[in-house]
Amino acid sequence: MQFYLKYLRHYLISHSRHGTHSPFVYKLVDEVLYRKPTVEELNAVPLFYKRAGKKAIKKYLFLERLLRTFAFRTFKLRGKMVQQDLLELFRQIRSDDFPRVIYYIDTDEDYLSVLEDVDEHAILIIEEPHASKNNEKYWDLLKQAETVVVTIDLFHLGLVFFKKGQRKEDFLIRF
């Protein structure tokens, strides 16, 4: 019950792309998060996500667009049990064009140690940052970290960027 109240609160206080005042976040939300999928993209969604429902399909398509938008050479998956289709998506999109590392974290254990390895181009994708008290505790600690510059809370996903030259901001965006 408390999880749904948290979601309702997030929905009521979060913004759409028009509520953001950062050009970087506005562009990311407009071109990646809110872009409508094509029929071909919907048909290409793995069966596991189709069976899981609309939320899972939406999340998978967003992750695919996000990974295609930010070229990366290396990915590190940290979690209890990472879905094979998601692992395959990371492998397919991976490119040697840019030395970025993307971390996908799906655990309620302490994952703050990844901050030691990140550079300004790294991206952290946090799965369900509000699913448990532990997740929320580590999400809040991550947002307060000195190296973290931009966080985007989509409720079911959290995005962390380390962009230098931008002021520290936390965004709540409707997903």
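The values are calculated or read from the model by the stated rules, or taken from the named source; none is laboratory data. None of these values were measured; they are calculated from a predicted model. No Cβ is skipped: glycine too gets one built from the backbone with ideal geometry, and neighbour counts run over all protein chains shown.
What to note about this one:
- Any chance Val45 is at pLDDT 85 or above, surrounded by 17 or more Cβ atoms within 10 Å (Cβ to Cβ) and in a loop (DSSP other than H, G, I, E, B): yes
- Any hit, region 157-169, residues being modelled with pLDDT under 90, surrounded by fewer than 19 Cβ atoms within 10 Å (Cβ to Cβ), more than 19 Å from Thr20 (Cα to Cα) and not basic (Lys, Arg): no
- Residues of region 122-141 satisfying the condition of being farther than 23 Å from Tyr60 by Cβ and surrounded by 18 or more Cβ atoms within 10 Å (Cβ to Cβ): Tyr138
- Residue count, region 66-94 (criterion: touching a Ser or Thr at 6+ places or on another chain (Cβ under 8 Å), surrounded by 13 or more Cβ atoms within 10 Å (Cβ to Cβ) and closer than 21 Å to Leu115 by Cα): 5
- The set of residues from region 14-23 being modelled with pLDDT of 75 or more and either of a type in the set (Ser, Thr, Tyr) or more than 19 Å from the chain's Cα centre (by Cα) (or both) comprises Thr20, His21, Ser22.
- Residues of region 90-118 classified as modelled with pLDDT of 90 or more and outside any helix (DSSP H, G or I), total: 9
- Conditions (1) closer than 25 Å to Lys27 by Cα; (2) not in a helix (DSSP H, G or I); number of the one not met by Arg68: (2)
- Among the residues of region 24-36, not a single one is basic (Lys, Arg), crowded, with 16+ Cβ neighbours inside 10 Å and assigned to a helix (DSSP H, G or I).
- Residue ID - farthest from the chain's Cα centre (by Cα), chosen from residues in region 156-172 that are within 23 Å of Phe75 (Cβ to Cβ) and either of a type outside the set (Phe, Trp, Tyr) or in a loop (DSSP other than H, G, I, E, B) (or both): Lys164
- Scan of region 28-50 for residues that are of a type in the set (D, E, K, R) and either in contact (Cβ under 8 Å) with a residue 24 or more places away in the chain or farther than 23 Å from Phe90 by Cβ (or both), ordered by number: Asp30, Glu31, Arg35, Lys36
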